[in-house]
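Let me begin by presenting the structure, written as structure tokens, before commenting on it.
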Amino acid sequence: MPTETSSAEQLPPRGAAVWAALDPLIGAGTPLRVLDVGGGSGMFAVPLARLGHDVTVVDPSADALATLARRADTAGVGERVRGVQGDGDLLHEVLSTLAPGGGYDLALCHSVLEVVDDPAVTLREIAGVLRSGGQVSVAAANRAGAVLSRALAGHPVEALALLEDRDPAAARTRPAARRRFAPDDLLALVEGAGLAPGSWRGLSVVADLLDAASGADQDAVRALELALTDTSPYREVATGVHVLATRP
Ligand SMILES: C[S@@+](CC[C@H](N)C(=O)[O-])C[C@H]1O[C@@H](n2cnc3c(N)ncnc32)[C@H](O)[C@@H]1O
């Protein structure tokens, strides 16, 4: 295994809590088979490959996969990153052409359940390709955080629509609204897929609310995020919700 650290300290504050949660798995010194569903252009896949893990990214976007391949090559880890064009709802088919096509140690499903056709199907498909004891890292938009950030940005009508789970952009010509999740609903979806969730954490309690020009010290923001991530009542209003779940 390369000696590169997996420390959350390298990363932007908003992602620090996810990396900190994954650290015991990805920093344990054992190369893992990782599946990154909707992994896009490799925000997670490339750093994971740099840590010595073997990463398969399934994503429908050819553009994202081309960027992924470029990034992986530039980072010198092209041989450990594989991009496969396909849909998270059809993983068993998408992966059937690969050998081996299942048995993953770790799956990532980050910022994807918001946009797939059916989050329950996607999570079931992921559960189906994990080995027994394998884990999935699920991160999704938190409805309470979305309400708060729209309100603070000066959009109370949209904030109320989000609170009531209505499409905040219904009257405008914009792409369909992304789904948002209350933490309990996300946990229920995870359990419904036959996975055992751990306790959930809030992602980006303050980082997304801070004005980028505020000049706040990024190390201090990161330290604050890590302290707030599993602390109530702060985690409840975070921008995102994250849970690690295990396939029994
Ligand atoms: C917001 S990006 C998240 C990228 C990455 N997971 C991250 O956290 O940086 C959403 C990604 O989901 C992908 N996506 C959209 N529909 C999908 C589907 N049905 N199955 C898998 N991925 C999908 C998009 O192409 C895009 O790369």
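Table for the structure above
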item: With every protein chain in place, the chain: carbon and sulfur % of accessible area (1.4 Å); result: 55 percent
item: Computed accessible area, Arg235, all protein chains, 1.4 angstrom probe, square angstrom; result: 50 Å²
item: The chain, Cα convex hull volume normalised per residue, Å³; result: 135 Å³
item: Cα centroid separation - region 37-91 against region 184-248, whole Å; result: 24 Å
item: Heavy-atom accessible area per residue - the chain, 1.4 Å, Å²; result: 47 Å²
item: Potential extension, Ala66-Asp23 segment - 0.36 nm per residue separation minus Cα distance; result: 12.7 nm
item: Relative contact order, percent, the chain [alpha-carbon distance under 8 Å, six or more residues apart]; result: 20 percent
item: Region 136-158 and region 116-131: distance between their alpha carbon centers, rounded to Å; result: 24 Å
item: Over the chain: helical MRE at 222 nm, DSSP H runs n ≥ 4 each giving -39500 (n - 2.57), nearest 500; result: -10000 deg cm²/dmol
item: Share antiparallel - DSSP beta bridges, the chain, percent rounded to 5; result: 35 percent
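The values are calculated or read from the model by the stated rules, or taken from the named source; none is laboratory data. Because the structure is predicted, anything quoted here is derived from the model rather than measured. Areas reflect the complete protein model, heavy atoms only, side chains present, ligands, DNA and RNA absent. Shrake-Rupley method; radii C 1.70, N 1.55, O 1.52, S 1.80 Å.
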